[in-house]
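A.B. asks: Got a structure for you, written out below as structure tokens; questions coming shortly.
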Amino acid sequence: MAVCARLCGVGPARGCRRRQQRRGPAETAAADSEADTDPEEERIEAGPARCSLLELPPELLVEIFASLPGTDLPSLAQVCSRFRRILHTDTIWRRRCREEYGVCENLRKLEITGVSCRDVYAKRINPRVKSGRFMKILPDYEHMEYRDVYTCLLHRYRHILGLWQPDIGPYGGLLNVVVDGLFIIGWMYLPPHDPHVGDPMRFKPLFRIHLMERKSATVECMYGHKGPHNGHIQIVKKDEFSTKCNQTDHHRMSGGRQEEFRTWLREEWGRTLEDIFHEHMQELILMKFIYTSQYDNCLTYRRIYLPPSHPDDLIKPGLFKGTYGSHGLEIVMLSFHGSRARGTKITGDPNIPAGQQTVEIDLHRRIQLPDVENLRNFNELSRIVLEVREQVRQEQQEAGEDPAPPREPSAKGPDGPPAEGSREPGSGAEAAGQSASSGQGQPFVLPVGVSSRNEDYPRTCRLCFYGTGLIAGHGFTSPERTPGVFVLFDEDRFGFLWLELKSFSLYSRVQATFQNADAPSPQAFDEMLRNIQSLTS
């Protein structure tokens, strides 16, 4: 009985007393007279005495509780009044905020906290804007507790952290919701100004959430040029939420729509309309401004994941900036699916909307480029690519598939989901990866007559593969597949030569680290791709 009491840690076990009460007098006497010969019990008898968790000193309990996930602490507080009192220790919640959400600010130092959003905006987004224009009455951090920050801000809005695609018709977008200081901020990531595909991404805040008073989170809209103002966030369902601005007058400018358009054009394109001489490009820009400005009141976001990576991938998958002619720069997600690679649009245009597959590459169909002199001849490259396409068509016929019939060239914009070609036996993708990692390259130049928004493309490439891209008329009408050449330059750059359009797109990796953006499983990532594609099909 003494052994059982030490194991329980709180004296004689209740269960043991009950068993003893059920015994008769003779059984009890016999049991007491029996020698304790259990080796395990003898070892425990000789070992050190065990104590209950309740007997530990408070400072040790604080250290133990601080190492537990924050989601387990409310249940722990229901155990007893002593645990509940200890869980009011702010150092426990400060550690949870730091380890789970990366909060490093000190609530007691006002000069560090509360300035993250406006200073980041003034210094990293628009240096011409005075940070004082974004001054607001700051929360009373001196009397705030980390427990409130954790429970009322971080834990409450944890479901919106990560990457999202806003529903802005065909244009889409990329939103990254992060914990920034003592704020949760939704940053809209924008490609660099056309055609500088190698420049870093631009970003601007769309909304922020923080505690203006104890146990009360405040949502503020950051759209417009008059500073933060009242907004609202609603989690619609799993992997979807919406934002709403309650003061849209803050989005308007004193000069009316003309001033708003000129300001938007400088931010979006880094130039004035007079600097853009191409009439069709002017029409596309004006159309985008009119369309996107309708969404400054309410937006819906759908979660997107970064593509999973595998050791045999040709290069590391991820997000890339790409040139798309008069449409400017757009964001594309490169992912690998066995012997195929796919580029899915995260941002889009009226021809090929966001969510559609802009290119698909058959990693089993290598294309050996001719020497530089012959490569300058577009007809020679066209002959090589069309031979591969004819081989694909024949194999599809033999497999009983319905290949796409040949067609005449048409004046359409690039992009889209190509047909599933038959896969050649062997380790084509693995051999391609080994060849890419060997560093062997070959000279590369664009054929005469092929246009490119960015002439600063690499003059040496590693590998080339047969691929198909999607082209369509305005409004995603009559989408069709067209053959092309996927050109791998290095780990962070690739290109796609649209054979029918005589156009070349250059892609450069988005050099940014995204938190809470990994897919829970490959199946979840594939389902996400299907969902965002179905929205614009």
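The values are calculated or read from the model by the stated rules, or taken from the named source; none is laboratory data. Note that the structure is predicted; figures quoted are calculated from it, not measured. Every residue, glycine among them, receives a Cβ derived from its backbone with ideal geometry; neighbour counts consider all protein chains shown. Quick note on the areas: whole protein, heavy atoms, side chains included, nothing else; ligands and nucleic acids left out. Shrake-Rupley method; radii C 1.70, N 1.55, O 1.52, S 1.80 Å.
A.B. asks: Among the numbered conditions (1) in contact with a Phe, Trp or Tyr (Cβ under 8 Å, 6 or more places away or on another chain); (2) without any contact (Cβ under 8 Å) to a residue 60 or more places away in the chain; (3) surrounded by fewer than 19 Cβ atoms within 10 Å (Cβ to Cβ); (4) of a type outside the set (K, R), tell me where M333 comes up short.
C.D. replies: Result: M333 passes all but (3).
A.B. asks: Looking at region 196-209, is at least one residue touching a strand residue (DSSP E or B) at 6+ places or on another chain (Cβ under 7 Å), in contact (Cβ under 8 Å) with a residue 24 or more places away in the chain, assigned to a loop (DSSP other than H, G, I, E, B) and open to solvent by less than 50 Å² (accessible area, probe 1.4 Å)?
C.D. replies: yes
A.B. asks: Restricting attention to region 274-297, and to residues there that are among the polar types (S, T, N, Q) and more than 18 Å from Y324 (Cα to Cα), which single residue is surrounded by the most Cβ atoms within 10 Å (Cβ to Cβ)?
C.D. replies: Per the stated criteria, the residue is T292.
A.B. asks: Return the only residue of G328, G355 being buried (at least 16 other Cβ atoms within 10 Å of the Cβ) and closer than 22 Å to R481 by Cβ.
C.D. replies: Within the list G328, G355, the selection yields G355.
Condition check ((1) under 31 Å from the mean Cα position of the chain (by Cα); (2) within 20 Å of D167 (Cα to Cα)) across all residues:
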{"site": "H327", "(1), (2)": "yes, yes"}
{"site": "R340", "(1), (2)": "yes, no"}
{"site": "P370", "(1), (2)": "no, no"}
{"site": "E390", "(1), (2)": "no, no"}
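A.B. asks: Could you please let me know if L506 is out of contact with any helix residue (DSSP H, G or I) (no Cβ under 8 Å at 6 or more places or on another chain) and aliphatic (A, V, I, L, M)?
C.D. replies: Yes: the conditions hold for L506.
A.B. asks: Give the residues of region 229-270 that are farther than 28 Å from L329 by Cα, under 26 Å from the mean Cα position of the chain (by Cα) and at pLDDT below 90, sorted by residue number.
C.D. replies: Across region 229-270, the qualifying residues are I235, V236, K237, K238.
A.B. asks: I want to confirm something. Restricting to region 164-187 and keeping residues that are more than 18 Å from Q356 (Cβ to Cβ) and of a type in the set (A, V, I, L, M), which single residue is farthest from the chain's Cα centre (by Cα)?
C.D. replies: Ranking the candidates gives L182 first.
A.B. asks: Another question, then. What's the number of the condition V236 fails, among (1) farther than 25 Å from V219 by Cα; (2) β-branched (V, I, T); (3) loosely packed, with under 15 Cβ neighbours inside 10 Å?
C.D. replies: (1)
A.B. asks: When you scan region 236-328 for strands (runs of 3 or more DSSP E) that lie fully inside it, which ones turn up with 1 or more residues that are in contact with a helix residue (DSSP H, G or I) (Cβ under 8 Å, 6 or more places away or on another chain)?
C.D. replies: The qualifying strands (runs of 3 or more DSSP E) are 240-245, 298-303.
A.B. asks: Here's another thing I want to ask about it. Suppose we filter region 519-537 for residues that are of a type in the set (G, A, S) and farther than 17 Å from G348 by Cα; how many remain?
C.D. replies: So the count comes out to 3.
Residues are listed down the side, and each one gets a yes or a no for (1) closer than 17 Å to L497 by Cα; (2) at pLDDT below 95; (3) of a type in the set (V, I, T); (4) assigned to a loop (DSSP other than H, G, I, E, B):
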{"residue": "V332", "(1), (2), (3), (4)": "yes, no, yes, no"}
{"residue": "F336", "(1), (2), (3), (4)": "no, no, no, no"}
{"residue": "R342", "(1), (2), (3), (4)": "yes, no, no, no"}
{"residue": "P353", "(1), (2), (3), (4)": "no, no, no, yes"}
{"residue": "H364", "(1), (2), (3), (4)": "no, yes, no, no"}
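A.B. asks: Within region 444-537, which strands (runs of 3 or more DSSP E) (wholly inside it) include 3 or more residues that are farther than 27 Å from M188 by Cα, of a type outside the set (S, T, N, Q) and touching a strand residue (DSSP E or B) at 6+ places or on another chain (Cβ under 9 Å)?
C.D. replies: Result: 463-473, 477-490.
A.B. asks: Which one of F496, F476 is among the hydrophobic types (A, V, I, L, M, F, W, C), modelled with pLDDT of 95 or more and open to solvent by less than 70 Å² (accessible area, probe 1.4 Å)?
C.D. replies: Being among the hydrophobic types (A, V, I, L, M, F, W, C), modelled with pLDDT of 95 or more and open to solvent by less than 70 Å² (accessible area, probe 1.4 Å) holds for just one of F496, F476, which is F496.
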